[in-house]
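Below: one structure, written as structure tokens.
The values are calculated or read from the model by the stated rules, or taken from the named source; none is laboratory data. Bear in mind the structure is a predicted one, so any value in this text is a computation, not a measurement. Every residue, glycine as well, gets a Cβ built from its backbone with ideal geometry; the counts of neighbours run over all protein chains shown. Side chains are part of the model used for accessible areas, which takes the heavy atoms of the whole protein and leaves out ligands, DNA and RNA. Shrake-Rupley method; radii C 1.70, N 1.55, O 1.52, S 1.80 Å.
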Amino acid sequence: MSDTDLPFRATTAEACAWLAQQTNSQWTLARLLEHGLTPFVWLDYDAAYPELFGDANGGYAAPIFFEDDVARLAAGGDDVLITFTKDAYKLPVRLPEPGFRRRLDQLRFQKKDVERLAGKLKHEAQGAGKKPPASESQAGINKAEVLAAFGSFVRMDLARALDDAVGIFGDDGARIKASVRKSKRNALWHPVTLALGLHDVYRVPLGPLKRAFKSHDFLARWEADWEESLRLLGK
């Protein structure tokens, strides 16, 4: 299977076969999930849930990112159970009990996510994934990157919390004090310190935090520190 053979929304089998060619190793659904890939399931419009679909009267691709839902898939569930996802406007939403069930063969993975994972693995295999010495500009991630990495599963106004810079979001927490010497617009946050704070203070599950470090290129340099922190904490 060549690069052009990977569909825009690939089935599990297509994603695994393409990655096997790219990495010379076997892939399974569990391994895709372990590396932080987000599966999607197409939801056809259902008039019983108008708030879920909004103007998407043909349906939309719903992501599966909730820790319990992903863990069930990784453990080898017979089907897909979605209890928490995003609506058609990309806002987090809990589905009515007991959730939506779909067949395993309805899972899809986005082409760009699969290609990004392959690129990351090749980069690491070439030895280029080693963490270089951090300069001030590399010491943390900016507000947009914080929101991209953690905003989808944090049940709070994360953007406002970053602006307020109180507690774990401030200089006594994860914000890098030196980054705001000239302007708060330059503010950077240490992603490992921030993620641990989100878990300890705001009870954000470790599952989505772990996947964030695996699925965002700008967090790659901190992934080893994150794993070591979890090991030292026994988590």
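Can you find even one residue in region 42-65 that is under 30 Å from residue 125 (Cβ atoms) and open to solvent by 40 Å² or more (accessible area, probe 1.4 Å)? Scanning region 42-65 turns up no residue that is under 30 Å from residue 125 (Cβ atoms) and open to solvent by 40 Å² or more (accessible area, probe 1.4 Å). Evaluated against (1) at pLDDT below 90; (2) in contact with a Gly (Cβ under 7 Å, 6 or more places away or on another chain); (3) under 17 Å from residue 105 (Cα atoms), residue 67 falls short on exactly one condition, (3). Set side by side, the residues 218, 150, 213 differ, and just one is among the hydrophobic types (A, V, I, L, M, F, W, C) and touching a strand residue (DSSP E or B) at 6+ places or on another chain (Cβ under 9 Å), which is 218. Against the test of being crowded, with 17+ Cβ neighbours inside 10 Å, in contact with a His (Cβ under 6 Å, 6 or more places away or on another chain), among the hydrophobic types (A, V, I, L, M, F, W, C) and not assigned by the TED database to the domain that holds residue 113, the options 161, 187, 149 yield a single qualifying residue, 149.
Applying the condition of being open to solvent by 70 Å² or more (accessible area, probe 1.4 Å) and part of a loop (DSSP other than H, G, I, E, B) to region 2-41 and asking which residue is nearest to residue 77 (Cα to Cα) yields 28.
Here 209, 147, 162 are screened, and the one residue that is at pLDDT 90 or above, more than 22 Å from residue 94 (Cβ to Cβ) and either in contact with a helix residue (DSSP H, G or I) (Cβ under 7 Å, 6 or more places away or on another chain) or of a type in the set (Gly, Ala, Ser) (or both) is 162.
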